[in-house]
Each structure stands twice: as C-alpha cells, then as structure tokens.
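Where a number appears in this text, it was derived from the coordinates with a stated rule and is not lab data. Please read all numbers here as calculations on a predicted model, not as lab measurements. Heads up, the Cβs are rebuilt from the backbone with ideal geometry, glycines too, and the neighbour counts pull from every protein chain shown.
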Amino acid sequence: MAYVITEPCIGTEDKSCVDVCPVDCIHTNDEANQFYIDPQTCIDCGACLSACPVEAIYPDSDVPDKWKSFVELNAKFFEEKG
Ligand code: SF4
Ligand code: SF4
C-alpha cells in the first residue's frame, strides 16, 4: 500500500505534505504540475493526508473513482526518474 496525491494538488502545490513526510518521498519537478508520492518509499504513516489543505491525498485503496488514474501517475513519476 501507499498514499497517492490526486487532482486537487494541481495549482495548490503548497508543500505542506512535503514538510511532514518522515521519509522524504514526496517530490515534483519543473515539468510536473503537482506533487507525487513514491509508492516504493512511502511507509503509510498518513501524516501527509491530514496536512493537505485541499484533501488531495488518499490511501491507494481509497482513491475516489474519478481520480483512480493518479495511482499510476504517482508511481510513473518515479519510474521515469529512474
Ligand atoms: S503516508 Fe507518510 S510516508 Fe507516505 S507520503 Fe504520506 S507522510 Fe510520507
Ligand atoms: S499538501 Fe496537498 S496541495 Fe499541498 S503539495 Fe501536498 S498534496 Fe499538494
């Protein structure tokens, strides 16, 4: 399991989640328009979920249907980075 960042992060990107993550697994880059969680590193602590002001973060098993594609988008961001 891992936590996943979904659409509400786009345009918000305030980094509140980054500041509370104990394993530093939340990242973005110049091309991305939101932050992503590395599912290989996330320890499922849930700290980011309560820190996010726009409720963009969900456990992967609990992502709303309309945002299911974000599960793969989060994982892919880190695959491409290598
Ligand atoms: S659940 Fe915990 S470890 Fe995973 S991204 Fe959020 S703060 Fe980081
Ligand atoms: S706290 Fe929420 S809106 Fe802010 S960067 Fe993290 S996921 Fe995006």
Every residue from segment 1-16 that is of a type in the set (A, V, I, L, M, F, W, C) and either surrounded by 15 or more Cβ atoms within 10 Å (Cβ to Cβ) or away from ligand 2 (no atom under 11 Å from the Cβ) (or both): M1, A2, V4, I5, C9
Options D30, D19; residue that is surrounded by fewer than 16 Cβ atoms within 10 Å (Cβ to Cβ) and assigned to a helix (DSSP H, G or I): D19
Yes/no for A51 being over 11 Å from the mean Cα position of the chain (by Cα) and near ligand 2 (Cβ under 10 Å from one of its atoms): yes
